[in-house]
C-alpha cells in the first residue's frame, strides 16, 4: 500500500494547471465520454449533484469570462459565501482569458 501511495504521489507531483489550449476541435463523443466519467465521481450521500455545461460558441465563452471576471472582483461575493468558504478563493483570472482560444469549455 505504501508503494502504491508513493507511485500515486510521484504521478501527481508534476501535474500543472493548463494555461494554453489547442485550437484543435474535440469530438463531441470524447467530451460526452469525459463528462460521463466525471459524473461518476464520489459525492456526499452518493447524490452526484454535478451540473456540467458544454460551451462551444466563442461569443458565449467570452461573455462567461467577462461575467466571471466581474464577479471575481465583486466584494459582495465573499459575503454570499458560507463562513467556511469565505477564505477560499479561486484565481480564475489566470485561466479565463485563455478560454476563448479553446474550441470547447466544460464547466462543472
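Every number here is computed from the coordinates shown, using simple stated rules; none is lab data. Only a predicted model underlies this, so the values are computations on that prediction, with no experimental measurement involved. So basically every Cβ, Gly included, is an ideal-geometry build from the backbone, and we count neighbours across all protein chains shown.
In the range 36-65, whose amide N lies under 20 Å from the spot 7 Å out along Cα-to-Cβ of residue 21? List them in ranges.
Correct set: 36-39, 51-65.
Based on the alpha-carbon gyration tensor of the range 27-73 and its eigenvalue square roots a ≥ b ≥ c, which shape applies: rounded if a/c is under 1.5, prolate if not and a/b is larger than b/c, or oblate? The partial results should precede the final answer.
Numbers: a/c = 4.37, a/b = 1.43, b/c = 3.07.
Oblate shape, in that a/c is at least 1.5 and b/c is the bigger or equal ratio.
What FRET efficiency comes out for the pair residue 72/residue 38, r = Cβ-Cβ distance, R0 = 25 Å, nearest 0.05?
So the FRET efficiency works out to roughly 0.55.
Taking square-rooted eigenvalues a ≥ b ≥ c of the alpha carbon gyration tensor, is the range 1-64 rounded, prolate or oblate, where a/c under 1.5 means rounded and, failing that, a/b exceeding b/c means prolate?
Note, shape of the range 1-64 comes out oblate.
State the Cα centre-to-centre distance between the range 1-40 and the range 53-75 in whole Å.
23 Å
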